[in-house]
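Participant: Structure provided below as structure tokens; questions to follow.
The values are calculated or read from the model by the stated rules, or taken from the named source; none is laboratory data. Remember, it's a predicted structure, so these values are computed and weren't measured experimentally. In this analysis, Cβ positions are derived from the backbone assuming ideal geometry, glycine residues included, and neighbour counts consider all displayed protein chains. For the accessible areas, the whole protein counts, side chains as well, though only heavy atoms, and no ligand, DNA or RNA atoms are used. Shrake-Rupley method; radii C 1.70, N 1.55, O 1.52, S 1.80 Å.
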Amino acid sequence: MKNKVFKLLLCTMLIAAMLFQLPAIAEEKPVLQVLGYNASFDPNADPIAKEIEEVTGYKVEYYMLPAENADEKLNVELSSGSNYDILMLLSSQYHKLVGQGALMPLDDLISEYGQNITNAIYPETWKSCQLDGVTYAIPYRKEYTKDVTDFILVRKDLLDKANIEIPKTLDEFYDALVAIKEAYPDMIPLTGPGSTEAMAGSSGKLSPTINSAFGIYTTWQEVDGKYVNMLEHPRMKDVLTFMHKLYEEGLLDPDWPINTGTTINEKFTSGKAVMMMCNRNTAAILMPVVEENFPEAELDYILPLIGPNGEQGAQSEDAIVVYTCIPKTSKNAVDAMKFMDLKQEPDNFTYLTLGTEGVDYSYEDGEYIPIMPAFNEHRSTAYWYLTSIDEYNYPDMWMARIRKNEYMWDAFEKVALACADITHANPIGYMPPNETVAKYQQSISKMADDYYLKVIAGAESVDTYESFVQQWQDAGGKAVTDEINNWISTY
């Protein structure tokens with residue numbers, strides 16, 4: 001009898017729900033955990049985090065890798081069983097984790113829950129995220145494909161005071177460093193090299209600005225019909241000889257081999273250095289600090305230097321800059337994909353990226369213009385939360401981000417736009433995961449960086465160059481070179 005009454009009551013409730021269209025009980029969404037690259041703000045305290053939660057319905061806990069030793073930290077985090085649901089990875093990190101089998105295949109998830117993401121990305125871009133036809137990441141492609149972000153930042157007011165011109169050629173650069181040392185004996189002529197691991201870090205232990213004068217423009221470059229790593233470029237020995245000469249003569253920071261990005265920034269902003277290896281994101285942060293500390297300061301940029309035979313070039317950032325992945329250890333893979341797809345829904349993407357039209361930005365004559373200071377207050381850090389972009393529209397939208405900061409726009413206009421005609425695309429910017437590359441890339445890159453620093457500081461003689469190249473080849477360099485050439489030949 002009791003069962004019959006219960007069944008009757010249940011049926012009555014179901015009929016009532018259908019008749020009166022009672023809302024279904026909302027499914028409880030899990031709290032997602034996201035690990036991203038380093039940036040100089042707290043992603044959990046930023047107002048955008050709350051707005052993303054309101055738009056998507058998902059509460060998210062955000063974590064960042066450190067500015068230094070990020071790869072090591074990432075490896076420790078994943079090997080310790082951390083429960084991240086989304087990883088925002090740089091290229092070398094992504095290739096390594098794919099090689100380790102640490103990432104979840106995404107094709108089925110994207111097909112079922114990622115329609116907005118699919119519609120926002122060029123079909124050919126997906127190839128860069130596939131291994132053996134399986135997709136392991138959502139690509140975040142560089143917005144402006146001719147972008148040049150690296151340069152040497154210089155205190156022009158100090159140069160003017162000592163009657164030193166902004167150098168354009170390698171010889172002028174050397175003469176300028178000598179003159180700086182003479183005019184300001186208590187200051188460091190050039191500090192560097194910077195961090196290679198944070199997204200905002202400078203690009204390596206050698207300066208792309210200086211490499212330009214030796215005909216070295218990209219990490220991988222075609223030489224006599226074959227693509228070689230910059231380590232094997234015919235002029236690399238000349239670069240190292242030149243850099244060691246600068247170090248021996250006291251024209252480089254004596255702490256060059258041990259500097260971190262933080263210490264370099266402190267030396268420049270405190271007035272201890274006249275020049276520093278830098279890039280646009282870092283410059284936009286440091287320049288107002290320098291001007292506050294030294295109201296008379298005037299800052300300028302040294303562009304890719306011209307070599308004795310007219311050599312000049314710069315690598316453009318035409319590549320996938322962030323790979324968004326779901327680790328195999330995630331317990332919320334479906335919700336992670338739903339969350340990312342909700343952010344990519346066109347109206348949501350525009351709102352979360354630019355804010356509200358008429359309040360945070362305006363759209364005039366086909367251009368997105370930030371409304372200040374509202375844009376900075378509401379969307380200054382929006383870039384960090386992007387797990388994918390609208391490749392069809394975001395390049396235009398992105399210009400609002402460059403314009404939001406006078407220092408960032410100044411560097412973009414005077415460096416990136418000025419260098420547009422001498423750019424060289426990264427030849428492996430869209431190379432998909434490769435087992436051999438994933439196995440060796442990080443170790444051989446670190447091996448080369450360590451060698452550069454040793455030679456610059458005199459701990460190794462440049463005469464060991466040929467023997468080191470052989471060691472590098474034997475340690476995986478040759479295998480990686482062969483794989484890259486095989487891929488380029490069919491790309």
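Participant: Kindly indicate whether any position in the range 344-358 is on the phi > 0 side of the Ramachandran plot, out of contact with any Asp or Glu (no Cβ under 6 Å at 6 or more places or on another chain) and of a type in the set (Gly, Ala, Ser). Walk me through how you get there before you give the answer.
Facilitator: Step one: filter the range 344-358 for residues on the phi > 0 side of the Ramachandran plot, giving 355, 358.
Now restrict to residues that are out of contact with any Asp or Glu (no Cβ under 6 Å at 6 or more places or on another chain): 355, 358.
Still in the list and also of a type in the set (Gly, Ala, Ser): 355, 358.
For the range 344-358, residues on the phi > 0 side of the Ramachandran plot, out of contact with any Asp or Glu (no Cβ under 6 Å at 6 or more places or on another chain) and of a type in the set (Gly, Ala, Ser): present.
Participant: Does the range 266-285 hold any residues that are modelled with pLDDT of 95 or more and touching a helix residue (DSSP H, G or I) at 6+ places or on another chain (Cβ under 6 Å), and which are they? Even if it seems obvious, please write down each step before you answer.
Facilitator: First pass over the range 266-285, keeping only residues modelled with pLDDT of 95 or more: 266-277.
THR269, ALA273, VAL274, MET276, listed by residue number.
To keep it simple, each residue is scored yes or no on (1) modelled with pLDDT under 95; (2) small (Gly, Ala, Ser).
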| residue | (1), (2) |
| --- | --- |
| LEU74 | yes, no |
| GLY114 | no, yes |
| ILE138 | no, no |
| THR149 | yes, no |
| LYS161 | no, no |
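Participant: Return the only residue of TYR368, TYR323 being within 22 Å of ASP147 (Cα to Cα), touching a Leu at 6+ places or on another chain (Cβ under 6 Å) and not polar (S, T, N, Q). Working first, answer last.
Facilitator: Details: TYR368 fails: touching a Leu at 6+ places or on another chain (Cβ under 6 Å).
Just a single option satisfies the conditions, and that option is TYR323.
Participant: Next question. Show me the helices (runs of 4 or more DSSP H) found entirely inside the range 280-371 where at least 1 residues are of a type in the set (A, V, I, L, M), open to solvent by 30 Å² or more (accessible area, probe 1.4 Å) and free of Cβ contacts under 8 Å to residues at least 60 places away in the same chain.
Facilitator: Numbers: elements: 280-293, 333-344, 346-354.
The helices (runs of 4 or more DSSP H) meeting that bar are 280-293.
Participant: For the range 392-413, how many residues are open to solvent by less than 10 Å² (accessible area, probe 1.4 Å) and in contact (Cβ under 8 Å) with a residue 24 or more places away in the chain? I'd like the intermediate steps shown before the answer.
Facilitator: Restricting attention to the range 392-413, the residues satisfying the condition of being open to solvent by less than 10 Å² (accessible area, probe 1.4 Å) are 394, 397, 400, 402, 411-412.
If we keep only those that are in contact (Cβ under 8 Å) with a residue 24 or more places away in the chain too, we end up with 394, 397, 400, 411-412.
Total satisfying the criteria: 5.
Participant: Condition first: in contact (Cβ under 8 Å) with a residue 40 or more places away in the chain and among the hydrophobic types (A, V, I, L, M, F, W, C). Now tell me which residues in the range 66-102 satisfy that.
Facilitator: Across the range 66-102, the qualifying residues are ALA67, ALA70, LEU78, ILE86, LEU87, MET88, LEU89, LEU90, LEU97, VAL98, ALA102.
Participant: Moving to a separate point now. Could you please give the count of residues in the range 221-264 that are under 21 Å from PRO66 (Cα atoms) and touching a Leu at 6+ places or on another chain (Cβ under 6 Å)?
Facilitator: Of the residues in the range 221-264, 1 are under 21 Å from PRO66 (Cα atoms) and touching a Leu at 6+ places or on another chain (Cβ under 6 Å).
Participant: Step by step: first the residues of the range 414-469, then only those that are of a type in the set (D, E, K, R) and surrounded by fewer than 16 Cβ atoms within 10 Å (Cβ to Cβ), then the one that is farthest from the chain's Cα centre (by Cα). Which residue is that?
Facilitator: Within the range 414-469, the subset of a type in the set (D, E, K, R) is 414, 421, 435, 439, 446, 449-450, 454, 460, 463, 466.
Remaining after also requiring surrounded by fewer than 16 Cβ atoms within 10 Å (Cβ to Cβ): 414, 421, 435, 446, 450, 463, 466.
Details: LYS414: 20, ASP421: 22, GLU435: 23, LYS446: 18, ASP450: 21, ASP463: 34, GLU466: 32 Å.
Checking each candidate, the answer is ASP463.
Participant: Output the residues belonging to the range 51-65 that are touching a residue at least 12 places away in the same chain (Cβ under 8 Å) and surrounded by fewer than 19 Cβ atoms within 10 Å (Cβ to Cβ). It would help to see each step written out before you state the result.
Facilitator: We begin by selecting, within the range 51-65, every residue touching a residue at least 12 places away in the same chain (Cβ under 8 Å); these are 51-52, 55-65.
Selection gives GLU51, VAL55, GLY57, LYS59, GLU61, TYR63.
Participant: Related question: Has the range 322-335 got any residue that is modelled with pLDDT of 95 or more, touching a Ser or Thr at 6+ places or on another chain (Cβ under 6 Å), at negative phi and of a type in the set (A, V, I, L, M, F, W, C)?
Facilitator: Within the range 322-335, not a single residue is modelled with pLDDT of 95 or more, touching a Ser or Thr at 6+ places or on another chain (Cβ under 6 Å), at negative phi and of a type in the set (A, V, I, L, M, F, W, C).
Participant: Could you check how many residues of the range 372-389 are surrounded by fewer than 20 Cβ atoms within 10 Å (Cβ to Cβ), not in a helix (DSSP H, G or I) and not hydrophobic (A, V, I, L, M, F, W, C)?
Facilitator: 3
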